[in-house]
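Any read-out appearing in this document is the output of simple, stated calculations on the displayed coordinates, not a laboratory observation. Keep in mind that what you see is a predicted model, and the values were worked out from it rather than measured. Positions of Cβ are backbone-derived with ideal geometry, glycine not excepted, and every protein chain shown enters the neighbour counts.
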Amino acid sequence: MNKVIDLRSDTVTKPTSEMREAMARAEVGDDVYGEDPTVNRLEALGAEMTGKEAAVFVPTGTMGNQVSIMAWTQRGDEIIVESNAHIFMFEAGGPAVLSGVQIRTVPGFRGAMDPEDVEAAIRPKDLHCPRTSLICLENTHNRSGGCVIPLDNMKAIYELAKQHGINVHLDGARVFNAATALGVDVKQITRYADSVQFCLSKGLCAPVGSLVAGPKEFVDRARKARKILGGGMRQAGVLAAAGIVALEKMTKRLGEDHEKARKLAQGLAAIPGLEIDMDTVQTNMVMVGTKGAGIDAAEFAALMKRHGVLFNWSTRYKVRMVTHNDVGFDDIDEAIRRVKEALGA
């Protein structure tokens, strides 16, 4: 078979040769005792880059979001999230199971909630109501196809949260993609959140890990929550070394992935029956509608798997394709050609 072109997610990226070399020579210690110098360096770097006081290294983005919720809330509280947020859709009910909080959803447009809707969702101080203790934002927004939440929207929600004494957590799994798309330093995004989780293992190519950053007291609580969940990783400097390369080097090349996504979207949009809203192709994701081609998303994904192009279906008539470091511009051309061939276009 010809080369398989894997567009399922940017989580499939392999560590770069520079990462592998850094991992091999990493100085390590016991991170649970705070004695791994490479982990300590990674955490300090992540905190500095996001403008936060401290950070903690966690195995996954989902754990990063969950320890943040655990650190900010009390049992019986309520948190506000966008109706298609990753925290609500894809984290296995973690807020209820781990923190004992319930979720109140607010519909958004391309992942951005209307600040007036958010304010209306905040509970009054009433004996019958749970306490609203946290608002969670997501930038970029996964379910919307990698759309970027505008800074003025984040600012408005952050300011109203502060008026009500509520903390804001940012699920910034791909926040460096958002910063790249906006052409700003990532601090210009994270300034509108009290805490942030961001992944090293997606478009940044590290094999494992995420960071949670925020005030020191919050990070101390998040670190304790990490321990409760079994996230203490001992000589984790082997992994942290790749994370340092990810932050220092790979954050600077994300624009290439965005260009590849645009090229992919333009090529697929020219195929009769496939539907793409080009306004949503803002970062490294492309959402492709299949109804006009007379095929549902699962069938389309299975068909293209036989043609050596992998991607995931999102809804009955929509699939998601994600560009990343391990897919080149030539691979994009080839993927478009194979889709045309498979659909007889």
Inset, instruction - Assign unit charges at the C-beta atoms only (+1 for Lys and Arg, -1 for Asp and Glu), then state the dipole size of the chain relative to its Cα centre in Debye, rounded to the nearest 20. - result: 520 debye
Inset, instruction - Search the structure for amide H atoms under 5 Å from the amide H of Val309, placed 1.01 Å from N in the peptide plane, and list their residues when 5 or more places away or on another chain. - result: Ile5
Inset, instruction - Apply the Karplus parameterisation 6.51 cos²θ - 1.76 cosθ + 1.60, with θ equal to phi minus 60°, to every residue of the range 2-18 and state each ³J(HN,Hα) to the nearest whole Hz, in sequence, with x for glycine and proline. - result: 5, 3, 7, 9, 9, 10, 5, 5, 7, 6, 7, 4, 9, x, 6, 4, 5
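Specify, per residue and in Å³, the volume enclosed by the convex hull of the alpha carbon atoms belonging to the chain. Present the calculation step by step, with values, prior to reporting the outcome.
Numbers: hull volume 45.3 nm³, N = 345.
Spelled out: Cα convex hull of the chain, divided by residues, is 131 Å³.
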Legend entry - With Cα atoms, 0 to 90° folded angle of helix 151-163 axis to the chain main axis: 20 degrees
Legend entry - Rel. contact order, % - alpha carbon contacts under 8 angstrom, at least six apart, the range 17-248: 32 percent
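Given a Förster radius of 25 Å and the C-beta distance between Val4 and Lys227 as r, what FRET efficiency does 1/(1 + (r/R0)^6) yield to the nearest 0.05?
The computed FRET efficiency comes out at 0.05.
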Legend entry - Span from the the range 14-34 Cα centroid across to the the range 274-345 one, whole angstrom: 35 Å
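Determine, for His164, His324, His128, His141, the number of other Cβ atoms within 10 Å of each Cβ, and report the residues in order from fewest to most.
Numbers: His164 13, His324 24, His128 6, His141 28.
Ordered from fewest to most neighbouring Cβ atoms within 10 Å, His164, His324, His128, His141 come out as His128, His164, His324, His141.
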Legend entry - Signed unit charges on C-beta, dipole axis of the chain, positive-most listed residue Val186, Ala342, Thr280: Ala342
Inset, instruction - Show that you can apply the helix-only estimate: for the chain, add -39,500 (n - 2.57) for every DSSP H stretch of four or more residues, divide by all residues, and state [θ] at 222 nm to the nearest 500. - result: -11500 deg cm²/dmol
Legend entry - GluC sites (Glu not before Pro) within the range 1-98: DSSP coil, no more than 14 neighbouring Cβ in 10 Å: Glu27, Glu35, Glu53
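How much length, in nm to one decimal, is gained on full extension between Ala302 and Tyr33, taken as 0.36 nm per residue of separation minus their Cα-Cα distance?
Working: separation 269, 0.36 × 269 = 96.84 nm, distance 4.75 nm.
This chain segment gains 92.1 nm when fully extended.
Classify the range 111-237 as rounded, prolate or oblate from the Cα gyration tensor: take a ≥ b ≥ c as the square roots of its eigenvalues, call it rounded if a/c is under 1.5, otherwise prolate when a/b beats b/c and oblate if not. The partial results should precede the final answer.
Numbers: a/c = 2.17, a/b = 1.22, b/c = 1.78.
The shape class here is oblate.
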Inset, instruction - Among the aspartates and glutamates, select those whose C-alpha is under 15 Å from the C-alpha of Lys3, and discard any that sit fewer than 8 residues away in the same chain. - result: Asp326, Asp330, Asp331, Asp333, Glu334
Legend entry - C-alpha long axis of helix 254-269 to longest principal axis of the chain, angle in °: 40 degrees
Inset, instruction - Using DSSP to define loop residues, name the trypsin sites (Lys or Arg not before Pro) in the range 61-167 whose beta-carbon has at most 11 other beta-carbon atoms within 10 Å. - result: Arg75, Lys125
Legend entry - Principal axis dimensions, largest first and in whole angstrom, of the range 67-116 by Cα: 29, 23, 15
Inset, instruction - Pick out, from Thr38, Gly232, Met23, the residue whose Cα sits farthest towards the positive end of the charge dipole of the range 17-248, with +1 on the Cβ of Lys and Arg and -1 on the Cβ of Asp and Glu. - result: Gly232
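Using a simple charge model, +1 on the beta-carbon of Lys and Arg, -1 on the beta-carbon of Asp and Glu, nothing else, what dipole does the range 184-245 show about its Cα centre, in debye to the nearest 20?
About 220 debye.
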Inset, instruction - Report the residue, chosen from Gly183, Gly146, Gly108, that carries the largest GNM mean-square fluctuation when the chain is represented by alpha-carbon nodes joined by springs under 10 Å. - result: Gly183
Inset, instruction - Measure out, as a whole number of angstrom, how far apart the alpha-carbon centroids of the range 194-261 and the range 106-182 sit. - result: 21 Å
Inset, instruction - Could you tell me how many degrees, from 0 to 90 and to the nearest 10, lie between the Cα long axis of helix 237-248 and the main elongation axis, the longest principal axis, of the Cα atoms of the chain? - result: 70 degrees
Inset, instruction - Work from the charge dipole of the chain (Cβ charges, +1 for Lys and Arg, -1 for Asp and Glu, about the Cα centre) and give the residue of Gly203, Ala293, Phe88 farthest towards its positive end. - result: Ala293
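How big is the antiparallel share of DSSP beta bridges in the chain, given as a percent to the nearest 5? Let's see the in-between values first.
Values: 21 of 39 bridges.
Percent antiparallel among DSSP bridges in the chain is about 55.
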